[in-house]
Amino acid sequence: MTSKTHHTMKKLLFVTLAVVLSLTANAKKEKRTTVELLTSKGKITIELYNETPLHRDNFIKLINEKFYDNLLFHRVIADFMIQGGDPDSKEAPQGNALGEGGPGYTVPAEIRFPVLFHKRGVLAAAREGDITNPDRNSSGSQFYIVWGKTFTKEEINNITDAIEKHSNGSITFPENIKKHYMRYGGTPHLDGSYTVFGEVIKGIETVNAIQQVDTDSNDRPLEDIRILSATIKK
């Protein structure tokens, strides 16, 4: 090989590497869609993940159709999550059990664990259970926002060990995710089973306020907590 050939190949290598790095950087910088939920308890601003395009696009479609406007957070469990998106909740009298409504379709699962996991503040899709829904397809409209709890090292190890064993090794928890649950909280028992597709970037105090409200035996808030409007932020 001549020195000239070697120099040319070296130059091509640098050019190729530069292109790869540029594409990688652009992928990381890909703009996320931001949505705002104006609720009767305050605002919640959410970024939608590009790693889950089916869920992202469906959520955007429903927001543009004003689907979520005036729906309730119909299921609230303290130290766990707040759930909304049931169209039957719009005019449901107090005491009515909710949670079965939807737009008439499901969304294929986009479970991206461990890249996306159930840390506090994430947006995820509700779904029917594994027995009737083995493919873990998501509800077409119902979602939940995680609150969860923080864990001691012993607690998180016990939970993650049990999940890993039950999954026959198909789910494993990296140490950085365990540490995140210990420090910031979340719901690790849902990892690998439900699609996470966004996260709260502003208004986590509103989520906190909602998850603390009093509820009935069906986990429905005694005081209606309503999504007054859902909009795409420009």
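Summary of computed values
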{"item": "Residue in the stretch 216-230 that is farthest from TYR144 (Cα to Cα), counting only those that are open to solvent by 50 Å² or more (accessible area, probe 1.4 Å) and part of a strand (DSSP E or B)", "result": "LEU228"}
{"item": "Test for ASP191: is it surrounded by fewer than 21 Cβ atoms within 10 Å (Cβ to Cβ) and not hydrophobic (A, V, I, L, M, F, W, C)", "result": "no"}
{"item": "Selection count where residues are closer than 20 Å to ALA124 by Cα and assigned to a loop (DSSP other than H, G, I, E, B), scope the stretch 154-171", "result": "1"}
{"item": "Residue check, ASP135 open to solvent by 20 Å² or more (accessible area, probe 1.4 Å), under 21 Å from LEU54 (Cβ atoms) and among the acidic types (Asp, Glu)", "result": "yes"}
{"item": "Pairs, first farther than 10 Å from ILE156 by Cα and part of a loop (DSSP other than H, G, I, E, B) in the stretch 177-196, second modelled with pLDDT of 95 or more and aromatic (Phe, Trp, Tyr), C-beta under 6 Å, six or more apart", "result": "ASP191/PHE113; ASP191/PHE117; GLY192/PHE113"}
{"item": "Which numbered condition ALA97 misses (of (1) open to solvent by 50 Å² or more (accessible area, probe 1.4 Å); (2) touching a residue at least 40 places away in the same chain (Cβ under 8 Å); (3) under 30 Å from SER170 (Cα atoms))", "result": "(3)"}
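The values are calculated or read from the model by the stated rules, or taken from the named source; none is laboratory data. Since the model is a prediction, treat every value here as computed from it, not as a measurement. Cβ: placed from backbone, ideal geometry, glycine included. Neighbour counts: every protein chain shown. Areas reflect the complete protein model, heavy atoms only, side chains present, ligands, DNA and RNA absent. Shrake-Rupley method; radii C 1.70, N 1.55, O 1.52, S 1.80 Å.
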